[in-house]
Amino acid sequence: MAKKTHKAATQITIASTEDESILSEWVQRFWKPAVGLAVLIAAAVLGKEYVDSKAAEDRASSWNRLREDVKFSSGFGGLETPSAGVLASVADELGGTPAGPWARILEVRQRIDDGEYDAAAASLRTLQDEYPNHPLVKEVFQFGEDESSRTLQEHLLARMDGVRRWEADHASLFRNDPLPDDAPKIRLETSKGLITLGLYQEHAPKHAENFLKLCREGYYDGTLFHRIGQTFMIQGGDPNSRDGDPSTWGTGGPDYKIEPERSDLRHFRYVLAAAKQPVDTESSGSQFYITTGTPHHLDGVHTIFGAVLEGKAVVDEIAAGQIAEGTTDRPQDPVVVNATVVLE
C-alpha cells in the first residue's frame, strides 16, 4: 500500500530580519526596560506578600484566584499574564482582597505593553482610588540616578507621557497608515462575535481582490480559526477545518497561490496578512492570519493586505482560547467563521 503523505501546514514562517530602525531600537532598549524595572520592583514585593499571605486562609484564597490566570516563575519578573481585559476582570473580582491591587498593577503593565496608555493611566487612577494606602500607591522609589524619588504611579505616568509624545513624533514606527475611508470592508460573523476588516487595496490589490472574491462566494463559511497564539496571531481560512481530520488543518486551500506583494506595511497589532507554507514564497490562496502582537520578524516575509477596524476584543478572545492537549497552537474549541459579509 502506498504511504499516505500530507502537505505541510500553511502557516506563518519565522525569518530573522535586521531592518529595525535606530529609533525603534532606542524605544525597545530604553523606555520598555524602564517601565519593566518599575514592575519588577512590584513583582519582588508581590512575591514576598504572596508567601506571607499563606498564613491566612482568606489571603491565600485571593492569591490562588490570581494564580489561576497569572503564572509565577522563579526570579524577578517571571510572570505570564493573560490579556489586559482578563486582568481587569480579575482585579474587579478580587477588589478588597490582598491580591486585588496586584491584579490591577498587572493589568496596568499589560496595557503598557499593548501601547494602551490612556487605559493604563485610567487603571492606575482606579488603583489609587481603590487602595489609597497600599504600598503600590504610597511607597516611594528611586528609579534612576538622575531621577528624584517618586511613587510607582508617578513614575509610570511620567514615562507614558514622554513615550506618547515621542511616538506621536515618530508615528510610522508604531502604526501603519490608516485605511482610506473608501477601503473595502468585510464583516466576519464568528461564533465569538463580529470582526470587521478593512483591506489595503492599493498596497496589495491581488490579495485584497482574492479575499473579497472568496468572501462573496461564502468560501470561508463554516471554517475554523485552526491555529492560535495569544501574543502572536489567530489563523484561519482552511477549508479542511470544516470537517477534515485536525492533522490536515493548515494544508488546505484552493488550487492556486498568490504572488507576494511587497509594501511598507508592517506587522503591528491587528493587521490582516496572508499565510503560506514555510518552503513557499507565494501566499496561500485562502489562509490568512490576524496579529495579536507585533511580530516584526514577518515584515517583508508575508503580505499584509488589511487591518481590523472593529472587533479587536473578539480577536483577543479567540487568541486566548485553550490549546488542545498534545499540540502547541491548535485550539481545543476552535471558533467558527459562520459567514462573511462584504460591506458595500
For residue 218, state whether it is in contact with a Gly (Cβ under 8 Å, 6 or more places away or on another chain), under 21 Å from residue 339 (Cβ atoms) and not acidic (Asp, Glu). no
Could you count how many residues in segment 277-297 are at pLDDT below 95 and either not in a loop (DSSP other than H, G, I, E, B) or not hydroxyl-bearing (Ser, Thr, Tyr) (or both)? 8
Output yes when any residue across segment 146-154 is of a type in the set (Asp, Glu) and assigned to a loop (DSSP other than H, G, I, E, B), and no when none is. yes
In segment 298-309, what count of residues is obtained for those that are in a loop (DSSP other than H, G, I, E, B) and over 18 Å from residue 179 (Cα atoms)? 2
Kindly provide the set of residues from segment 202-244 that are closer than 22 Å to residue 279 by Cβ and either without any contact (Cβ under 8 Å) to a residue 12 or more places away in the chain or among the polar types (S, T, N, Q) (or both), ordered by number. 210, 235, 240, 241, 244
Only listed residue being β-branched (Val, Ile, Thr), surrounded by 18 or more Cβ atoms within 10 Å (Cβ to Cβ) and more than 18 Å from the chain's Cα centre (by Cα), chosen from 315, 336, 342, 308: 336
Determine which member of the set 118, 161 is closer than 21 Å to residue 294 by Cβ, of a type in the set (Asp, Glu) and outside the structural domain of residue 310 (by TED's automatic domain parsing). 118
If you go through segment 72-80 one residue at a time, do you hit one that is at pLDDT 55 or above, crowded, with 19+ Cβ neighbours inside 10 Å and under 25 Å from residue 316 (Cα atoms)? no
Residues satisfying the stated conditions in segment 122-144, i.e. part of a helix (DSSP H, G or I), of a type outside the set (Ser, Thr, Tyr) and in contact (Cβ under 8 Å) with a residue 12 or more places away in the chain: 124, 127, 128, 130, 135, 136, 137, 138
Only residues in segment 99-121 that are at negative phi count as the first member; pair them with residues that are outside any helix (DSSP H, G or I), Cβ under 6 angstrom, at least 6 apart or cross-chain, and list the lot. 100/94; 101/131; 101/134; 103/94; 106/81; 110/81
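The values are calculated or read from the model by the stated rules, or taken from the named source; none is laboratory data. Treat the numbers as computed from the prediction; the structure is a model and nothing was measured. Cβ atoms come from the backbone with ideal geometry, glycine included; neighbour counts cover every protein chain shown.
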